[in-house]
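Shown next, in C-alpha coordinates, is the structure this report addresses.
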Amino acid sequence: MRKRTIFRSSPIVMCCAALALGAAAVQAQEPQPVQVPEVHIVVEGETLWDLAALYFGDPFLWPEIYRLNTTVVEDPHWIFPGEELRLAGLAAVLAEEPVAEPGAEPGQQPQVNVEPGVEQIQEAVRGDPTEAQEVPEPGEMPPPVAPPPPPTANVPTIFVQQGSGTTSVVGYEPVTYRAATRAQFYSSGFLTEDQVLPWGTVMGRVGQERLSRLPESSFATVFNYVGVTPPEGGTYQVGDSLLLGLLLRKVKGWGEIFYPTGVVEVTEVSSTHVIAQVLEQFQRISDDQLAIPLEPFNDPGKVLPVPVENGMMGSIIAPRQLNPVPSQQQIVYIDLGRGAGVVPGDVFAVLKMDKGEGMAPRKVAFLRITHVRDQSATGLIVNITDLGIEAGAPVQLVRKMP
(Lines give C-alpha, C1' and ligand atoms only; values in the text may rest on other atoms or scores of the structure.)
Protein backbone atom coordinates (compact mmCIF):
# COMPACT_ATOMS: atom_id res chain seq x y z
CA MET A 1 0.00 0.00 0.00
CA ARG A 2 1.45 3.32 -1.06
CA LYS A 3 1.93 5.86 1.65
CA ARG A 4 0.79 9.40 1.10
CA THR A 5 2.67 12.15 2.87
CA ILE A 6 0.78 15.35 3.68
CA PHE A 7 2.85 18.50 4.13
CA ARG A 8 1.23 21.12 6.31
CA SER A 9 2.15 24.54 5.01
CA SER A 10 2.66 27.42 7.33
CA PRO A 11 0.01 30.17 7.42
CA ILE A 12 2.48 32.65 5.89
CA VAL A 13 3.18 30.40 2.89
CA MET A 14 -0.54 29.79 2.39
CA CYS A 15 -1.29 33.49 2.59
CA CYS A 16 1.33 34.28 -0.08
CA ALA A 17 -0.05 31.53 -2.32
CA ALA A 18 -3.59 32.83 -1.90
CA LEU A 19 -2.50 36.36 -2.79
CA ALA A 20 -0.68 35.08 -5.88
CA LEU A 21 -3.74 33.11 -7.01
CA GLY A 22 -5.99 36.10 -6.33
CA ALA A 23 -3.76 38.41 -8.36
CA ALA A 24 -3.70 35.90 -11.22
CA ALA A 25 -7.50 35.62 -11.11
CA VAL A 26 -7.94 39.40 -11.17
CA GLN A 27 -5.49 39.70 -14.04
CA ALA A 28 -7.35 37.00 -15.95
CA GLN A 29 -10.64 38.83 -15.40
CA GLU A 30 -9.34 42.17 -16.64
CA PRO A 31 -10.61 42.93 -20.16
CA GLN A 32 -7.87 42.71 -22.77
CA PRO A 33 -7.61 45.44 -25.43
CA VAL A 34 -9.73 44.66 -28.47
CA GLN A 35 -8.50 45.71 -31.88
CA VAL A 36 -11.07 47.84 -33.66
CA PRO A 37 -11.89 46.39 -37.09
CA GLU A 38 -12.91 48.47 -40.09
CA VAL A 39 -16.28 46.68 -40.26
CA HIS A 40 -18.18 44.76 -37.59
CA ILE A 41 -20.81 42.19 -38.62
CA VAL A 42 -23.65 42.11 -36.11
CA VAL A 43 -24.50 38.81 -34.45
CA GLU A 44 -27.65 37.90 -32.54
CA GLY A 45 -28.00 39.61 -29.17
CA GLU A 46 -25.61 42.52 -29.81
CA THR A 47 -26.48 46.21 -29.28
CA LEU A 48 -24.71 49.49 -30.07
CA TRP A 49 -24.21 49.86 -26.31
CA ASP A 50 -22.35 46.50 -26.24
CA LEU A 51 -20.18 47.34 -29.25
CA ALA A 52 -19.14 50.72 -27.81
CA ALA A 53 -18.14 49.01 -24.56
CA LEU A 54 -16.28 46.23 -26.43
CA TYR A 55 -14.23 48.34 -28.82
CA PHE A 56 -13.89 51.69 -27.03
CA GLY A 57 -14.30 50.78 -23.36
CA ASP A 58 -17.21 53.21 -22.88
CA PRO A 59 -20.82 52.14 -23.67
CA PHE A 60 -21.94 55.79 -23.72
CA LEU A 61 -20.04 56.24 -27.01
CA TRP A 62 -22.73 54.28 -28.89
CA PRO A 63 -24.02 57.45 -30.66
CA GLU A 64 -20.65 57.72 -32.46
CA ILE A 65 -21.16 54.26 -34.00
CA TYR A 66 -24.76 55.14 -34.87
CA ARG A 67 -23.85 58.43 -36.59
CA LEU A 68 -21.35 56.60 -38.77
CA ASN A 69 -23.92 53.98 -39.80
CA THR A 70 -27.21 55.82 -40.27
CA THR A 71 -27.48 54.31 -43.74
CA VAL A 72 -27.67 50.85 -42.14
CA VAL A 73 -29.28 51.46 -38.74
CA GLU A 74 -32.70 53.08 -38.92
CA ASP A 75 -33.43 52.88 -35.19
CA PRO A 76 -30.38 52.90 -32.85
CA HIS A 77 -32.31 50.76 -30.37
CA TRP A 78 -32.38 47.87 -32.88
CA ILE A 79 -29.54 46.30 -34.85
CA PHE A 80 -29.95 42.96 -36.60
CA PRO A 81 -27.72 39.96 -37.32
CA GLY A 82 -25.79 40.27 -40.56
CA GLU A 83 -25.71 44.09 -40.64
CA GLU A 84 -22.27 45.53 -41.43
CA LEU A 85 -21.34 48.47 -39.20
CA ARG A 86 -18.43 50.71 -40.18
CA LEU A 87 -15.93 51.42 -37.38
CA ALA A 88 -12.99 52.68 -39.46
CA GLY A 89 -11.50 55.88 -38.05
CA LEU A 90 -13.48 55.90 -34.79
CA ALA A 91 -10.63 54.46 -32.72
CA ALA A 92 -8.29 57.30 -33.72
CA VAL A 93 -10.91 59.97 -33.05
CA LEU A 94 -11.95 58.62 -29.65
CA ALA A 95 -8.46 57.66 -28.41
CA GLU A 96 -7.55 59.83 -25.46
CA GLU A 97 -4.72 59.90 -22.95
CA PRO A 98 -4.68 61.75 -19.63
CA VAL A 99 -2.84 65.07 -19.73
CA ALA A 100 0.09 65.24 -17.31
CA GLU A 101 0.03 67.97 -14.70
CA PRO A 102 2.56 70.79 -15.27
CA GLY A 103 5.87 69.93 -13.64
CA ALA A 104 4.98 66.26 -13.11
CA GLU A 105 7.81 63.72 -13.29
CA PRO A 106 7.78 61.28 -16.21
CA GLY A 107 5.66 58.27 -15.33
CA GLN A 108 4.19 59.99 -12.27
CA GLN A 109 0.54 59.16 -11.65
CA PRO A 110 -1.82 62.14 -11.93
CA GLN A 111 -3.26 63.41 -8.68
CA VAL A 112 -6.92 62.50 -8.15
CA ASN A 113 -9.14 64.98 -6.37
CA VAL A 114 -11.42 63.18 -3.94
CA GLU A 115 -14.51 64.95 -2.67
CA PRO A 116 -14.78 65.49 1.11
CA GLY A 117 -16.17 62.45 2.84
CA VAL A 118 -15.17 59.87 0.21
CA GLU A 119 -11.93 58.95 2.01
CA GLN A 120 -13.84 58.33 5.23
CA ILE A 121 -16.32 56.12 3.38
CA GLN A 122 -13.52 54.15 1.74
CA GLU A 123 -11.73 53.72 5.07
CA ALA A 124 -14.93 52.53 6.73
CA VAL A 125 -15.43 49.93 3.99
CA ARG A 126 -11.82 48.73 3.96
CA GLY A 127 -11.36 48.62 7.74
CA ASP A 128 -8.06 49.01 9.53
CA PRO A 129 -5.30 47.41 7.40
CA THR A 130 -3.01 47.15 10.43
CA GLU A 131 -5.28 44.68 12.20
CA ALA A 132 -4.15 41.06 12.02
CA GLN A 133 -6.19 38.98 9.62
CA GLU A 134 -6.89 35.36 10.51
CA VAL A 135 -5.79 32.85 7.87
CA PRO A 136 -7.99 29.72 7.84
CA GLU A 137 -6.39 26.32 8.12
CA PRO A 138 -6.79 23.96 5.15
CA GLY A 139 -10.30 22.53 5.12
CA GLU A 140 -11.64 25.20 7.47
CA MET A 141 -14.28 27.74 6.48
CA PRO A 142 -12.97 31.33 6.29
CA PRO A 143 -14.23 33.64 9.04
CA PRO A 144 -17.27 35.75 8.07
CA VAL A 145 -16.54 39.26 6.81
CA ALA A 146 -18.37 41.93 8.75
CA PRO A 147 -20.34 44.40 6.60
CA PRO A 148 -19.28 48.07 6.66
CA PRO A 149 -20.85 50.14 9.44
CA PRO A 150 -23.97 52.16 8.56
CA PRO A 151 -23.45 55.87 7.81
CA THR A 152 -23.35 58.11 10.84
CA ALA A 153 -22.82 61.77 11.44
CA ASN A 154 -19.07 61.12 11.21
CA VAL A 155 -19.26 58.97 8.07
CA PRO A 156 -21.28 60.74 5.35
CA THR A 157 -23.06 58.83 2.63
CA ILE A 158 -23.38 59.66 -1.06
CA PHE A 159 -27.10 59.03 -0.87
CA VAL A 160 -29.63 61.34 0.75
CA GLN A 161 -33.16 60.23 1.54
CA GLN A 162 -35.72 62.71 0.28
CA GLY A 163 -39.11 63.45 1.74
CA SER A 164 -40.82 61.86 -1.26
CA GLY A 165 -39.13 58.55 -0.53
CA THR A 166 -36.80 58.68 -3.56
CA THR A 167 -33.03 58.38 -3.41
CA SER A 168 -30.80 60.72 -5.39
CA VAL A 169 -27.08 61.19 -5.79
CA VAL A 170 -25.42 64.23 -4.24
CA GLY A 171 -22.33 65.76 -5.84
CA TYR A 172 -21.89 62.94 -8.35
CA GLU A 173 -19.88 63.66 -11.49
CA PRO A 174 -19.12 61.51 -14.54
CA VAL A 175 -15.99 59.42 -14.19
CA THR A 176 -14.63 60.16 -17.66
CA TYR A 177 -14.48 63.67 -19.09
CA ARG A 178 -13.97 64.05 -22.82
CA ALA A 179 -13.59 67.01 -25.11
CA ALA A 180 -16.33 67.65 -27.65
CA THR A 181 -15.91 65.62 -30.82
CA ARG A 182 -16.34 66.78 -34.40
CA ALA A 183 -19.52 64.71 -34.79
CA GLN A 184 -21.04 66.28 -31.66
CA PHE A 185 -20.05 69.79 -32.77
CA TYR A 186 -21.88 69.51 -36.10
CA SER A 187 -24.83 67.32 -35.08
CA SER A 188 -25.98 69.08 -31.89
CA GLY A 189 -27.32 72.27 -33.49
CA PHE A 190 -27.72 75.74 -32.02
CA LEU A 191 -30.03 78.72 -31.41
CA THR A 192 -30.09 81.32 -34.17
CA GLU A 193 -30.27 84.16 -31.57
CA ASP A 194 -32.58 86.09 -33.94
CA GLN A 195 -29.72 86.59 -36.40
CA VAL A 196 -30.23 86.64 -40.18
CA LEU A 197 -28.18 83.71 -41.43
CA PRO A 198 -27.25 82.89 -45.08
CA TRP A 199 -29.64 79.99 -45.59
CA GLY A 200 -29.54 77.99 -48.80
CA THR A 201 -32.27 75.48 -49.73
CA VAL A 202 -32.06 71.76 -50.47
CA MET A 203 -33.98 71.05 -53.69
CA GLY A 204 -33.82 67.25 -53.56
CA ARG A 205 -31.77 64.21 -54.44
CA VAL A 206 -30.26 64.22 -57.94
CA GLY A 207 -27.78 62.32 -60.08
CA GLN A 208 -24.32 63.81 -60.32
CA GLU A 209 -24.69 64.55 -64.04
CA ARG A 210 -28.47 65.27 -64.09
CA LEU A 211 -28.69 68.78 -62.58
CA SER A 212 -31.78 69.78 -64.61
CA ARG A 213 -33.87 66.79 -63.45
CA LEU A 214 -34.86 67.32 -59.84
CA PRO A 215 -37.45 64.89 -58.40
CA GLU A 216 -40.60 66.21 -56.79
CA SER A 217 -39.89 64.53 -53.44
CA SER A 218 -36.89 62.60 -52.23
CA PHE A 219 -34.48 61.92 -49.41
CA ALA A 220 -30.74 61.32 -49.51
CA THR A 221 -28.22 59.24 -47.61
CA VAL A 222 -24.41 59.13 -47.43
CA PHE A 223 -22.70 59.27 -50.87
CA ASN A 224 -25.91 60.43 -52.59
CA TYR A 225 -26.06 63.82 -54.33
CA VAL A 226 -28.48 66.64 -53.63
CA GLY A 227 -29.26 69.88 -55.39
CA VAL A 228 -28.86 73.06 -53.31
CA THR A 229 -29.94 76.62 -54.11
CA PRO A 230 -27.57 79.28 -52.68
CA PRO A 231 -29.03 82.16 -50.65
CA GLU A 232 -30.05 85.30 -52.47
CA GLY A 233 -26.94 87.21 -53.44
CA GLY A 234 -24.66 84.33 -52.40
CA THR A 235 -22.69 81.69 -54.27
CA TYR A 236 -21.07 78.35 -53.55
CA GLN A 237 -17.81 77.06 -55.01
CA VAL A 238 -16.64 73.53 -55.71
CA GLY A 239 -15.17 72.13 -52.52
CA ASP A 240 -17.36 74.19 -50.16
CA SER A 241 -18.79 72.23 -47.22
CA LEU A 242 -22.37 72.90 -46.13
CA LEU A 243 -24.30 71.93 -43.01
CA LEU A 244 -27.86 70.82 -43.77
CA GLY A 245 -30.74 70.95 -41.32
CA LEU A 246 -34.13 72.38 -40.44
CA LEU A 247 -35.63 74.88 -38.03
CA LEU A 248 -37.59 73.08 -35.31
CA ARG A 249 -39.40 75.86 -33.47
CA LYS A 250 -39.03 79.37 -32.08
CA VAL A 251 -37.75 80.08 -28.59
CA LYS A 252 -38.88 83.44 -27.27
CA GLY A 253 -35.97 85.87 -27.16
CA TRP A 254 -33.50 83.40 -28.69
CA GLY A 255 -34.61 82.92 -32.28
CA GLU A 256 -35.13 79.41 -33.65
CA ILE A 257 -33.59 76.00 -32.98
CA PHE A 258 -31.48 74.76 -35.90
CA TYR A 259 -31.50 70.95 -36.06
CA PRO A 260 -28.66 69.57 -38.26
CA THR A 261 -29.28 66.59 -40.54
CA GLY A 262 -25.99 66.17 -42.40
CA VAL A 263 -22.88 67.56 -44.07
CA VAL A 264 -22.40 67.87 -47.86
CA GLU A 265 -19.58 68.99 -50.15
CA VAL A 266 -20.19 70.95 -53.36
CA THR A 267 -18.97 69.02 -56.42
CA GLU A 268 -20.60 70.87 -59.35
CA VAL A 269 -21.78 74.45 -59.87
CA SER A 270 -24.25 75.99 -62.31
CA SER A 271 -25.76 79.45 -62.61
CA THR A 272 -28.74 78.67 -60.34
CA HIS A 273 -27.91 75.47 -58.45
CA VAL A 274 -25.07 73.39 -57.13
CA ILE A 275 -24.65 69.65 -56.76
CA ALA A 276 -23.31 68.45 -53.41
CA GLN A 277 -22.40 64.98 -52.19
CA VAL A 278 -23.62 63.83 -48.75
CA LEU A 279 -20.57 63.09 -46.58
CA GLU A 280 -22.23 62.69 -43.18
CA GLN A 281 -25.81 62.05 -42.15
CA PHE A 282 -27.20 62.73 -38.66
CA GLN A 283 -30.91 62.57 -39.46
CA ARG A 284 -33.13 62.21 -42.54
CA ILE A 285 -32.01 64.54 -45.36
CA SER A 286 -34.93 65.61 -47.54
CA ASP A 287 -36.30 68.37 -49.74
CA ASP A 288 -36.75 71.95 -48.52
CA GLN A 289 -34.21 71.62 -45.73
CA LEU A 290 -31.79 74.49 -45.16
CA ALA A 291 -28.07 74.75 -45.91
CA ILE A 292 -25.45 76.97 -44.31
CA PRO A 293 -21.65 77.13 -44.79
CA LEU A 294 -19.92 74.68 -42.47
CA GLU A 295 -18.35 76.32 -39.44
CA PRO A 296 -14.73 75.21 -38.84
CA PHE A 297 -14.17 72.86 -35.92
CA ASN A 298 -11.07 73.40 -33.76
CA ASP A 299 -10.06 69.91 -32.67
CA PRO A 300 -8.72 70.05 -29.07
CA GLY A 301 -6.83 66.79 -29.56
CA LYS A 302 -6.06 65.09 -26.25
CA VAL A 303 -6.72 68.16 -24.10
CA LEU A 304 -9.33 67.42 -21.41
CA PRO A 305 -11.41 69.78 -19.22
CA VAL A 306 -10.03 70.44 -15.74
CA PRO A 307 -12.02 71.07 -12.52
CA VAL A 308 -12.86 74.63 -11.48
CA GLU A 309 -14.32 76.00 -8.26
CA ASN A 310 -17.09 78.58 -8.02
CA GLY A 311 -17.64 78.52 -11.78
CA MET A 312 -19.91 80.91 -13.63
CA MET A 313 -23.66 80.51 -13.24
CA GLY A 314 -26.33 80.43 -15.93
CA SER A 315 -29.60 78.68 -16.72
CA ILE A 316 -31.19 76.35 -19.24
CA ILE A 317 -33.04 78.14 -22.04
CA ALA A 318 -34.82 75.17 -23.60
CA PRO A 319 -34.33 71.54 -24.60
CA ARG A 320 -33.99 70.67 -28.27
CA GLN A 321 -36.74 68.05 -28.13
CA LEU A 322 -39.85 68.59 -26.02
CA ASN A 323 -39.57 65.27 -24.21
CA PRO A 324 -41.35 65.03 -20.85
CA VAL A 325 -38.42 63.11 -19.30
CA PRO A 326 -34.94 64.27 -20.42
CA SER A 327 -32.31 61.56 -20.64
CA GLN A 328 -28.66 61.09 -21.52
CA GLN A 329 -27.48 62.08 -25.00
CA GLN A 330 -30.21 64.70 -25.31
CA ILE A 331 -29.52 68.34 -26.14
CA VAL A 332 -30.31 71.50 -24.16
CA TYR A 333 -29.33 75.13 -24.65
CA ILE A 334 -27.96 77.46 -21.94
CA ASP A 335 -27.78 81.27 -21.73
CA LEU A 336 -23.96 81.47 -21.64
CA GLY A 337 -21.98 81.64 -24.84
CA ARG A 338 -18.83 82.84 -26.55
CA GLY A 339 -19.16 86.25 -24.93
CA ALA A 340 -18.88 84.65 -21.47
CA GLY A 341 -15.83 82.60 -22.45
CA VAL A 342 -17.63 79.29 -22.94
CA VAL A 343 -15.96 76.89 -25.39
CA PRO A 344 -16.80 73.37 -26.65
CA GLY A 345 -15.72 70.78 -24.11
CA ASP A 346 -16.64 72.78 -20.99
CA VAL A 347 -18.76 70.87 -18.46
CA PHE A 348 -21.72 72.41 -16.62
CA ALA A 349 -23.65 70.89 -13.72
CA VAL A 350 -27.42 71.28 -13.63
CA LEU A 351 -28.48 72.26 -10.11
CA LYS A 352 -31.71 71.57 -8.27
CA MET A 353 -32.89 73.20 -5.06
CA ASP A 354 -34.79 70.98 -2.66
CA LYS A 355 -37.46 72.35 -0.37
CA GLY A 356 -36.32 72.94 3.17
CA GLU A 357 -34.40 75.58 5.04
CA GLY A 358 -30.64 75.35 4.68
CA MET A 359 -30.72 72.75 1.89
CA ALA A 360 -27.77 73.04 -0.51
CA PRO A 361 -28.37 72.71 -4.27
CA ARG A 362 -27.79 69.25 -5.74
CA LYS A 363 -26.05 68.37 -9.00
CA VAL A 364 -28.67 66.38 -10.90
CA ALA A 365 -27.14 66.33 -14.41
CA PHE A 366 -23.99 67.25 -16.31
CA LEU A 367 -23.73 68.93 -19.71
CA ARG A 368 -20.79 68.75 -22.11
CA ILE A 369 -20.76 71.88 -24.27
CA THR A 370 -20.67 70.84 -27.92
CA HIS A 371 -21.37 74.12 -29.77
CA VAL A 372 -21.14 77.79 -28.85
CA ARG A 373 -22.80 80.93 -30.22
CA ASP A 374 -22.32 84.55 -29.13
CA GLN A 375 -24.86 84.50 -26.28
CA SER A 376 -25.83 80.82 -25.97
CA ALA A 377 -24.31 77.35 -25.99
CA THR A 378 -25.44 73.83 -26.80
CA GLY A 379 -25.02 71.16 -24.11
CA LEU A 380 -25.15 67.37 -24.41
CA ILE A 381 -26.49 65.58 -21.30
CA VAL A 382 -23.71 63.13 -20.45
CA ASN A 383 -25.07 62.12 -17.06
CA ILE A 384 -28.41 62.57 -15.31
CA THR A 385 -29.42 61.38 -11.84
CA ASP A 386 -32.82 62.98 -11.23
CA LEU A 387 -35.96 64.14 -13.00
CA GLY A 388 -37.09 67.70 -13.43
CA ILE A 389 -34.52 69.06 -15.93
CA GLU A 390 -36.46 71.89 -17.54
CA ALA A 391 -36.18 75.44 -18.84
CA GLY A 392 -34.97 77.86 -16.18
CA ALA A 393 -32.96 75.28 -14.21
CA PRO A 394 -29.66 76.80 -12.96
CA VAL A 395 -26.35 75.54 -14.30
CA GLN A 396 -22.80 76.05 -13.04
CA LEU A 397 -19.44 75.56 -14.73
CA VAL A 398 -17.59 72.68 -13.03
CA ARG A 399 -14.89 71.87 -15.60
CA LYS A 400 -13.13 74.15 -18.10
CA MET A 401 -11.12 73.45 -21.21
CA PRO A 402 -7.56 74.82 -20.79
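The values are calculated or read from the model by the stated rules, or taken from the named source; none is laboratory data. As the structure is a prediction and not an experimental result, all values here were calculated from the model. Heads up, the Cβs are rebuilt from the backbone with ideal geometry, glycines too, and the neighbour counts pull from every protein chain shown.
Of ARG368, ARG284, which residue is touching a residue at least 40 places away in the same chain (Cβ under 8 Å) and surrounded by fewer than 18 Cβ atoms within 10 Å (Cβ to Cβ)?
Of the residues listed, the single one that is touching a residue at least 40 places away in the same chain (Cβ under 8 Å) and surrounded by fewer than 18 Cβ atoms within 10 Å (Cβ to Cβ) is ARG284.
Looking for something surrounded by 15 or more Cβ atoms within 10 Å (Cβ to Cβ), part of a helix (DSSP H, G or I) and at pLDDT 85 or above - is there at least one such residue anywhere in segment 31-44?
no
Which one is surrounded by the fewest Cβ atoms within 10 Å (Cβ to Cβ), of the residues in segment 232-262 that are among the small types (Gly, Ala, Ser) and farther than 23 Å from ALA183 by Cβ?
Filtering segment 232-262 for residues that are among the small types (Gly, Ala, Ser) and farther than 23 Å from ALA183 by Cβ, the one surrounded by the fewest Cβ atoms within 10 Å (Cβ to Cβ) comes out as GLY233.
Only residues that are small (Gly, Ala, Ser), assigned to a loop (DSSP other than H, G, I, E, B) and free of Cβ contacts under 8 Å to residues at least 40 places away in the same chain: list them for segment 316-348, please.
GLY341
If you scan segment 355-401, which residues turn out to be part of a loop (DSSP other than H, G, I, E, B), under 21 Å from GLY337 (Cα atoms) and among the hydrophobic types (A, V, I, L, M, F, W, C)?
Of everything in segment 355-401, those that are part of a loop (DSSP other than H, G, I, E, B), under 21 Å from GLY337 (Cα atoms) and among the hydrophobic types (A, V, I, L, M, F, W, C) turn out to be ILE389, ALA391, ALA393, MET401.
When you go through (1) modelled with pLDDT of 95 or more; (2) β-branched (Val, Ile, Thr); (3) surrounded by fewer than 19 Cβ atoms within 10 Å (Cβ to Cβ) one by one for VAL303, which number turns out not to apply?
For VAL303, the failing item is (1).
For segment 287-300, which residues satisfy the criterion of being in contact with a strand residue (DSSP E or B) (Cβ under 7 Å, 6 or more places away or on another chain), over 21 Å from LEU90 (Cβ atoms) and surrounded by fewer than 21 Cβ atoms within 10 Å (Cβ to Cβ)?
The answer is ASP287, ASP288, ILE292, PRO293.
In this structure, does ILE334 turn out to be buried (at least 20 other Cβ atoms within 10 Å of the Cβ), farther than 21 Å from PHE60 by Cα and either assigned by TED's automatic domain parsing to the domain that holds ILE317 or among the polar types (S, T, N, Q) (or both)?
Spelling it out, ILE334 is indeed buried (at least 20 other Cβ atoms within 10 Å of the Cβ), farther than 21 Å from PHE60 by Cα and either assigned by TED's automatic domain parsing to the domain that holds ILE317 or among the polar types (S, T, N, Q) (or both).
Please tell me if LYS363 is touching a residue at least 12 places away in the same chain (Cβ under 8 Å) and surrounded by fewer than 14 Cβ atoms within 10 Å (Cβ to Cβ).
No; evaluated as a whole, the condition is false for this residue.
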